[in-house]
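J.: Submitted below is the structure of interest, expressed as structure tokens.
The values are calculated or read from the model by the stated rules, or taken from the named source; none is laboratory data. Everything numeric here is computed off the predicted structure, so don't read it as measured data. Positions of Cβ are generated from backbone atoms using ideal geometry, with glycine treated the same way; all protein chains shown enter the neighbour counts.
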Amino acid sequence: MGVLVLQLILLYSLLYVRFNLFCSSMHLYHSVTGGNETDRLALLAIKAHIRQDPNRITTSWNESLHFCLWHGVTCSRRHSQRVTKLDLQSLELVGSIPPHIGNLSFLRILCLQNNSFSHQIPPQIGRLHRLQVLLLNNNSLVGTIPANVSNCFKLRVLHLGKNNLAGKIPTELSSLSKLELFALQYNHLTGDIPPSLGNLSSLETLVIAVNNLEGSIPSSLCLLKKISIFPIRL
């Protein structure tokens with residue numbers, strides 16, 4: 001009887017070890033091959049809106065590689081392979097930014113500067129509540145600045161300089177209390193400089209030179225104690 005019990009214990013132990021190994025292997029499999037389907041589809045939509053890719057950067061964006069291994073894509077290890085950074089700067093890309101960008105809900109850093117992206121900035125960017133850095137400068141973007149960028153309440157860097165943006169500076173952006181750099185230079189912005197920009201208590205750099213802005217510099221901007229660079233030409 002004792003031998004039978006010992007055999008059962010050994011069999012149970014062996015099955016337990018194999019089960020744990022199976023679970024571990026499945027977890028590893030899903031961490032490498034799984035990921036979030038919403039993020040993958042959003043990246044494929046971005047690829048579809050790139051009309052010219054002379055350096056063939058997005059050729060790696062295919063089914064043979066997990067999307068977290070695609071060029072310019074960084075994923076989080078903590079949140080089931082969610083995309084946290086998309087860096088496609090200075091790659092001579094020609095295209096537009098699709099509304100699907102707003103589906104990358106874990107995105108913290110978006111770097112698309114120094115390319116030839118045109119059309120409007122999609123308002124869906126305002127759905128990126130974790131976004132901290134938004135670099136769209138040195139492109140050919142048109143239209144107005146979406147007011148709901150103010151929904152990116154963690155934003156620290158907002159650089160939209162050297163585009164073809166028009167319209168007024170949205171007063172809603174004054175609610176970005178963590179904003180440290182705000183650059184809008186070399187656009188076609190009109191209207192007054194919103195006095196409410198004085199509410200940007202964390203602002204260190206404000207660049208709005210070479211636009212079609214009117215009026216005087218609001219006195220409220222002088223209350224920004226942290227600001228170190230303040231190049232403005234109306």
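J.: In the range 109-120, what count of residues is obtained for those that are buried (at least 20 other Cβ atoms within 10 Å of the Cβ) and either of a type in the set (Lys, Arg) or over 10 Å from the mean Cα position of the chain (by Cα) (or both)?
T.: Residues flagged as buried (at least 20 other Cβ atoms within 10 Å of the Cβ) and either of a type in the set (Lys, Arg) or over 10 Å from the mean Cα position of the chain (by Cα) (or both) within the range 109-120 amount to 3.
J.: Looking at the range 206-216, can you tell me whether even one residue there is farther than 28 Å from residue 107 by Cα, β-branched (Val, Ile, Thr) and in a loop (DSSP other than H, G, I, E, B)? It would help to see each step written out before you state the result.
T.: Within the range 206-216, the first condition is being farther than 28 Å from residue 107 by Cα, and the residues that meet it are 209-216.
Those still in the list that are β-branched (Val, Ile, Thr) too: 210.
Checking which are in a loop (DSSP other than H, G, I, E, B) leaves us with 210.
Scanning the range 206-216, I find at least one residue that is farther than 28 Å from residue 107 by Cα, β-branched (Val, Ile, Thr) and in a loop (DSSP other than H, G, I, E, B), so the answer is yes.
J.: Within the range 76-106, work out how many residues are surrounded by fewer than 21 Cβ atoms within 10 Å (Cβ to Cβ), at negative phi and out of contact with any Lys or Arg (no Cβ under 9 Å at 6 or more places or on another chain).
T.: 10
J.: For the range 127-143, name all the residues that are surrounded by fewer than 23 Cβ atoms within 10 Å (Cβ to Cβ), touching a Lys or Arg at 6+ places or on another chain (Cβ under 7 Å) and either outside the structural domain of residue 213 (by TED's automatic domain parsing) or aliphatic (A, V, I, L, M) (or both).
T.: Correct list: 133 only.
J.: Any idea which residue in the range 27-47 is modelled with the lowest pLDDT, counting only those that are assigned to a helix (DSSP H, G or I) and over 18 Å from the mean Cα position of the chain (by Cα)? Walk me through how you get there before you give the answer.
T.: Filtering the range 27-47 down to residues assigned to a helix (DSSP H, G or I) leaves 27-33, 37-47.
Filter again for over 18 Å from the mean Cα position of the chain (by Cα), leaving 27-33.
On the way: 27: 41, 28: 37, 29: 40, 30: 44, 31: 41, 32: 41, 33: 41.
Only one residue tops the list, namely 28.
J.: Restrict the check to the range 155-165 and report whether at least one residue is under 23 Å from residue 124 (Cβ atoms), more than 16 Å from the chain's Cα centre (by Cα), among the polar types (S, T, N, Q) and assigned by TED's automatic domain parsing to the domain that holds residue 131.
T.: Yes; the residues of the range 155-165 include at least one that is under 23 Å from residue 124 (Cβ atoms), more than 16 Å from the chain's Cα centre (by Cα), among the polar types (S, T, N, Q) and assigned by TED's automatic domain parsing to the domain that holds residue 131.
J.: Looking only at the range 78-134, filter to residues that are modelled with pLDDT of 95 or more and of a type in the set (Lys, Arg); which one of those is nearest to residue 165 (Cα to Cα)? Reasoning before the result, please.
T.: Of all residues in the range 78-134, those modelled with pLDDT of 95 or more come to 82-134.
After this cut, where a residue has to be of a type in the set (Lys, Arg) as well, the list is 82, 85, 108, 127, 130.
On the way: 82: 31, 85: 25, 108: 23, 127: 21, 130: 24 Å.
For the range 78-134, the residue satisfying everything is 127.
J.: Six or more apart or on different chains, Cβ under 8 Å: which pairs go from a residue in the range 94-105 that's closer than 19 Å to residue 52 by Cα to one that's modelled with pLDDT under 95 and not hydrophobic (A, V, I, L, M, F, W, C)? Could you list them?
T.: Going by the 8 Å Cβ cut-off, there are no qualifying pairs.
J.: For residue 153, which of the numbered conditions (1) outside any loop (DSSP other than H, G, I, E, B); (2) loosely packed, with under 15 Cβ neighbours inside 10 Å; (3) in contact with a Lys or Arg (Cβ under 9 Å, 6 or more places away or on another chain) fails to hold?
T.: (1)
J.: For the subset of the range 198-234 comprising residues that are of a type in the set (Ser, Thr, Tyr) and closer than 18 Å to residue 181 by Cβ, which member is modelled with the highest pLDDT? Outline the logic, then answer.
T.: So the first thing to find is which residues in the range 198-234 are of a type in the set (Ser, Thr, Tyr), and the list is 201-202, 205, 216, 219-220, 228.
Still in the list and also closer than 18 Å to residue 181 by Cβ: 201-202, 205, 228.
Details: 201: 92, 202: 95, 205: 92, 228: 66.
Here the residue is 202.
J.: When you scan the range 41-86, how many residues do you find that are among the polar types (S, T, N, Q), farther than 15 Å from residue 112 by Cα and in contact (Cβ under 8 Å) with a residue 40 or more places away in the chain?
T.: Looking only at that region, the number is 2.
J.: Out of 123, 194, 218, 146, which single residue is touching a Pro at 6+ places or on another chain (Cβ under 6 Å), surrounded by 15 or more Cβ atoms within 10 Å (Cβ to Cβ) and over 24 Å from residue 87 (Cβ atoms)?
T.: On the way: 123 fails: over 24 Å from residue 87 (Cβ atoms); 194 fails: touching a Pro at 6+ places or on another chain (Cβ under 6 Å); 146 fails: over 24 Å from residue 87 (Cβ atoms).
Result: 218 is the single residue among 123, 194, 218, 146 that is touching a Pro at 6+ places or on another chain (Cβ under 6 Å), surrounded by 15 or more Cβ atoms within 10 Å (Cβ to Cβ) and over 24 Å from residue 87 (Cβ atoms).
J.: Same structure again: With the requirement that a residue be surrounded by fewer than 17 Cβ atoms within 10 Å (Cβ to Cβ) and outside any helix (DSSP H, G or I), what does the range 50-75 give you? Show your work before the answer.
T.: We begin by selecting, within the range 50-75, every residue surrounded by fewer than 17 Cβ atoms within 10 Å (Cβ to Cβ); these are 51-52, 54-56, 59-60, 62-66, 69, 71, 74.
The answer is 51, 52, 54, 55, 56, 62, 63, 64, 65, 66, 71, 74.
J.: For residue 146, all conditions in the list (1) under 19 Å from residue 209 (Cβ atoms); (2) out of contact with any Ser or Thr (no Cβ under 6 Å at 6 or more places or on another chain); (3) not aliphatic (A, V, I, L, M) hold save one; what is the number of the exception?
T.: (1)
J.: Still on this structure, I have one more. So, in the range 157-173, of the ones that are touching a strand residue (DSSP E or B) at 6+ places or on another chain (Cβ under 8 Å) and surrounded by fewer than 17 Cβ atoms within 10 Å (Cβ to Cβ), which residue ends up farthest from residue 188 (Cα to Cα)?
T.: Within the range 157-173, the first condition is being touching a strand residue (DSSP E or B) at 6+ places or on another chain (Cβ under 8 Å), and the residues that meet it are 157-161, 163-169, 173.
Right, trim to surrounded by fewer than 17 Cβ atoms within 10 Å (Cβ to Cβ) and you get 164, 166-168.
Values: 164: 6, 166: 5, 167: 7, 168: 9 Å.
This residue is 168.
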